1. How large is ³J(HN,Hα) for each residue in segment 77-87, as worked out from phi by the Karplus curve 6.51 cos²θ - 1.76 cosθ + 1.60 (θ = phi - 60°), to whole Hz, x for Gly and Pro?
2. Compute the helix-to-body angle for 24-37: its Cα long axis versus the longest principal axis of the chain, expressed 0 to 90° and rounded to tens.
3. Can you compute the helix-only [θ] at 222 nm over the chain? Use -39500 (n - 2.57) per DSSP H run of at least 4 residues, normalise by all residues, nearest 500 deg cm²/dmol.
4. What angle, in degrees between 0 and 90 and rounded to the nearest 10, separates the Cα long axis of helix 8-20 from the longest principal axis of the Cα atoms of the chain?
5. Which residues in segment 21-55 have a backbone N closer than 16 Å to a point placed 7 Å from the Cα of Glu70 along the Cα-to-Cβ line?
6. Once both labels are modelled 7 Å past Cα along the beta-carbon direction, what's the Asp91-Leu4 spacing in nm?
7. With a 1.4 Å probe and every protein chain left in place, work out the accessible area per residue of the chain in Å², rounded to a whole number.
8. Which order do the peptides 81-91, 23-33 come out in when sorted by mean C-beta neighbours inside 10 angstrom, highest first?
Amino acid sequence: MKNLVWSPAFIRKFKRLIKKNPQLRSQIEEVLEKLSDDAFDSSLHTHKLKGDLEGIWSCSIDYDNRILFEFANNPESGESEILLLTLGNHDDVY
């Protein structure tokens, strides 16, 4: 189980998305739990991005919405973490 680190941009986007679509909250929370347990769970459709977003990973919330994240090491503990970068619909995040 990896620790999830919410970036300020992710927090802003999360609040904005939930305000527009309150029904997505439970789906996002479920996806974040799966991501923490196993980032490569088949239901997440996790994949590495290319081009300008090289080094960043994406997983699916639903058909339209994605979460972008990076794998990072915590400099203090040395443990591997998942840095949540942003979320939103396909056109917004890519």
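The values are calculated or read from the model by the stated rules, or taken from the named source; none is laboratory data. None of the values given here were measured: they were computed from a predicted structure. We place every Cβ from the backbone using ideal geometry, glycine too, and count neighbours over all the protein chains shown. Accessible surface areas use protein heavy atoms only, side chains included; no ligands, DNA or RNA. Shrake-Rupley method; radii C 1.70, N 1.55, O 1.52, S 1.80 Å.
1. Couplings: 9, x, 7, 6, 10, 10, 8, 7, 8, 6, 8 Hz.
2. 20
3. Calculated at 222 nm, the ellipticity per residue is -10000 deg cm²/dmol.
4. Helix 8-20 and the main axis of the chain meet at about 20 degrees.
5. 48-55
6. For the pair Asp91/Leu4, the computed spacing is 2.7 nm.
7. 64
8. Result, highest mean first: 81-91, 23-33.
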